[in-house]
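One structure is given here, and the rest of the page talks about it.
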Amino acid sequence: MMRIRVLTATDIHQSRWMYRALIDAVRLHKPDVLALVGDFLYAGEPNPSLYSESECARHLAKLPCEIVFVRGNHEMSNWEPFAKSWLESRRPLRIPHGDATVLGPLVMVGFPCTFGQEEYFLMGRRDVDYEVDSWFPKILARYGPAARTLWLLHEPPAGTKLSEQEGLMAGLDEWRSAIKRYQPWLTVSGHDHETPVFDGSWHDRIGRTTCINTGQPTRLTKRTKVLHYSLLDFEFDGNEPALPKRVTVTGYPWRETFNLPS
């Protein structure tokens, strides 16, 4: 049996305290993979509470695990100095964008983000359509059912209790339709920081799919500096791409755990 542990976090926005808390979480849980599901950078004015893009890259490059980056709406031109510093570390740059990153038996599918300027993140690659049927079937044909293991999408799907029901944080109908059609085991999102923090609801279901958004404290919601993240423990029969036998999901700071399939 092969086990892979994935720690996921979103929306840390170059915050010094969030990056430090993330580094502490990695040291505590010892994941094999850290998946940053968008908005790990900040497309705003620099201020003393933030690391620079280069500092963010250098801190992350020191972590003893594989790292996967999925674009959020804040990864725009600021991606260039981040990527430059990251590449100087000579570590692999894993940026699935309408394609998959594969580590042993685990297939992680990264979705595009509909907000912001994505051309910097693409680094010369072709962009992908927001119509998932135009690109996901190719991943499915290559990896089979394993392509339905873990989807990383910064913007949440529409129609769950993990995001607002109206406005910019309402979630995407396109993502919901794709989830209903392909029924992945697990999706991880962010973007809407506040709804999971206010409501304490960090997971929901669309059909057989479990959707996660642990949220993240913002200026409006943070009373104490506690990082929100999830820990995903996958168990596989072998080391070739496949659906897992079991996934144990834990959401922090709630420390609530459940297993898939359920």
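Read-outs: derived from the displayed coordinates by stated rules, not from any lab. Model, not experiment: these values are computed from the prediction. Please note: Cβ atoms are built from the backbone with ideal geometry, for glycine as well, and neighbour counts cover all protein chains shown.
Simple point charges give the picture: +1 on the Cβ of Lys and Arg, -1 on the Cβ of Asp and Glu, and for the stretch 2-260 a dipole about the Cα centre of about 960 debye.
Net charge within 15 Å of residue 125 by Cβ-Cβ distance, Lys/Arg positive one each and Asp/Glu negative one each, not counting residue 125 itself? Around residue 125, the surrounding residues sum to -3.
Taking 7 Å steps out from each Cα toward its Cβ at residue 63 and residue 88 produces label points 2.0 nm apart. Close amide H partners of residue 35, meaning residues 5 or more places away or on another chain with modelled amide H under 5 Å apart, are 7, 8, 9, 68. Applying a DSSP loop filter and a limit of 16 other Cβ atoms within 10 Å to the GluC sites (Glu not before Pro) in the stretch 71-171 leaves 131, 164, 166.
Using the Karplus relation 6.51 cos²θ - 1.76 cosθ + 1.60 with θ = phi - 60°, the per-residue 3J(HN,Hα) values for the stretch 41-54 come to 9, 9, 8, x, 6, x, 8, x, 7, 10, 6, 6, 4, 5 Hz, with x marking Gly and Pro. Checking every one of the trypsin sites (Lys or Arg not before Pro) in the stretch 32-101 against DSSP loop status and a limit of 16 other Cβ atoms within 10 Å picks out 62, 90.
Amide H contacts under 5 Å for residue 94: 69, restricted to partners 5 or more places along the chain or on a different chain, H placed in the peptide plane at 1.01 Å from N.
Given their separation in residues at 0.36 nm each and the Cα-Cα distance between them, residue 246 and residue 201 gain 14.0 nm when the chain is fully extended.
Can you give the log10 of the normalised intensity I(q)/I(0) at q = 0.11, 0.18 Å⁻¹, computed with Debye over equal Cα scatterers of the chain? Log10 I(q)/I(0), no solvent term: -0.54, -1.69. Listed values for the stretch 8-19 are Karplus-derived 3J(HN,Hα) couplings in whole Hz (6.51 cos²θ - 1.76 cosθ + 1.60, θ = phi - 60°), namely 10, 8, 9, 6, 8, 6, 6, 4, 4, 5, 5, 5, and x replaces Gly and Pro. Residue separation of residue 77 and residue 16 scaled by 0.36 nm, minus their Cα-Cα distance, works out to 19.9 nm of gained length. Under 5 Å from the amide H of residue 99 lie the amide H atoms of 110, each residue being 5 or more positions distant or on a separate chain, with H modelled from the backbone and absent for Pro and chain starts. Which residue, 134, 230, 85, has the most motion in a Gaussian network model of the chain that connects Cα atoms within less than 10 Å? With Cα springs under 10 Å in the chain, the top fluctuation among 134, 230, 85 is at 134.
Label-to-label distance for residue 1 and residue 103 is 2.0 nm, based on points extended 7 Å past Cα in the beta-carbon direction.
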